[in-house]
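Asks: Here's a structure for you.
The values are calculated or read from the model by the stated rules, or taken from the named source; none is laboratory data. Note that the coordinates shown come from a computational prediction; the quantities given were computed from them, not determined experimentally. Cβ atoms come from the backbone with ideal geometry, glycine included; neighbour counts cover every protein chain shown.
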Amino acid sequence: MRARLRLFMPLLLTLCLGVLLWLGLGNNPYSQDEATLGRSLPAWQSESLFGGDPIHTEALKGEPFVLNVWASWCPNCRAEHPLLAELAKTVPLYGLNYRDKGDAARAWLEEASNPYRAVLADLDGKLALELGVYGTPETYLFAADGTLLTRHTGLLSTDIWQRQFAPLLAETRISTAGQAQVQEGKQ
C-alpha cells in the first residue's frame, strides 16, 4: 500500500499544482476589479506636473471625467496618446503621471501635445496605489460626483472606448443633466 502511495504522491502533487496554476491564471489583472467599481475617487492632494498650486481631487468633480494613468517610459501610453487627444475634445481628461521623472514627462507632453486639463504628479506611486492601479496605462471613468463607473487596464482603443466607456459616459451625462434640472426647479 505504501509503495503505491509513493508512486501516486508525485502525480497527486503535480495535479494539485496544476489546478492552483489554472485558478491563478483566471485572475486577469486586465479585467475590472468589481470591488472598485462604485467607489468614490480617493481624496488626494498632489503636485501638478507643471508646478503651481497643488491639485486636489475634489477639484476634478462637477462633471463626468476621465483619469488616465500614464508614464513617459510606457510604450502603450505613447500608443494610446492620439486617441486620448481626440477624447479630450469631448470629455474632461486628467492625467496621473505614474512613477516617472518629471522632466521626462513634461518633455514628452511638449513633444506629443498635452491633452490633459491637469496632470497630477505621482512620482512615488502612492496615489496610484490608493486608486488600485495595476500598471500603465490605465483609464478610469468617473461620474460627476467622483464615483468610479468603469476602468480599463492596458492600451485603450477606440473599440474599448465605444463598448465600455461611451455608453456609461452618455448615461451619466443624462443623469447629471436631469439632476441639475431638478435642482433648478427647487430654486
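Asks: Would you please name the residue that is surrounded by the most Cβ atoms within 10 Å (Cβ to Cβ), looking only at residues in the range 59-79 that are aromatic (Phe, Trp, Tyr) and either within 17 Å of Ala144 (Cα to Cα) or touching a residue at least 60 places away in the same chain (Cβ under 8 Å) (or both)?
Replies: Trp70
Asks: Can I ask one more? Taking helices (runs of 4 or more DSSP H) that do not extend beyond the range 65-180, which have at least 2 residues that are at pLDDT 95 or above and either under 15 Å from the mean Cα position of the chain (by Cα) or more than 18 Å from Leu49 (Cβ to Cβ) (or both)? Let's see the steps before the verdict.
Replies: On the way: elements: 75-87, 102-112, 126-131.
So the answer is 75-87.
Asks: Next question. Taking the range 149-163 on its own, how many of its residues are touching a residue at least 60 places away in the same chain (Cβ under 8 Å) and either among the aliphatic types (A, V, I, L, M) or touching a His at 6+ places or on another chain (Cβ under 7 Å) (or both)?
Replies: Summing the residues that are touching a residue at least 60 places away in the same chain (Cβ under 8 Å) and either among the aliphatic types (A, V, I, L, M) or touching a His at 6+ places or on another chain (Cβ under 7 Å) (or both) in the range 149-163 gives 3.
Asks: Please specify each residue of the range 80-117 satisfying the condition of being farther than 16 Å from Ser157 by Cα, acidic (Asp, Glu) and surrounded by fewer than 20 Cβ atoms within 10 Å (Cβ to Cβ).
Replies: Once the filter is applied, which keeps residues that are farther than 16 Å from Ser157 by Cα, acidic (Asp, Glu) and surrounded by fewer than 20 Cβ atoms within 10 Å (Cβ to Cβ), the range 80-117 yields Asp103, Glu110, Glu111.
Asks: Could you please tell me which pairs satisfy a Cβ distance under 7 Å, a separation of 6+ or placement on different chains, a first residue in the range 129-148 that is in contact (Cβ under 8 Å) with a residue 12 or more places away in the chain and closer than 22 Å to Arg78 by Cα, and a second residue that is acidic (Asp, Glu) and not in a strand (DSSP E or B)?
Replies: Taking only residues 6 or more apart or on different chains, the pairs are Gly132/Asp33; Pro137/Glu80.
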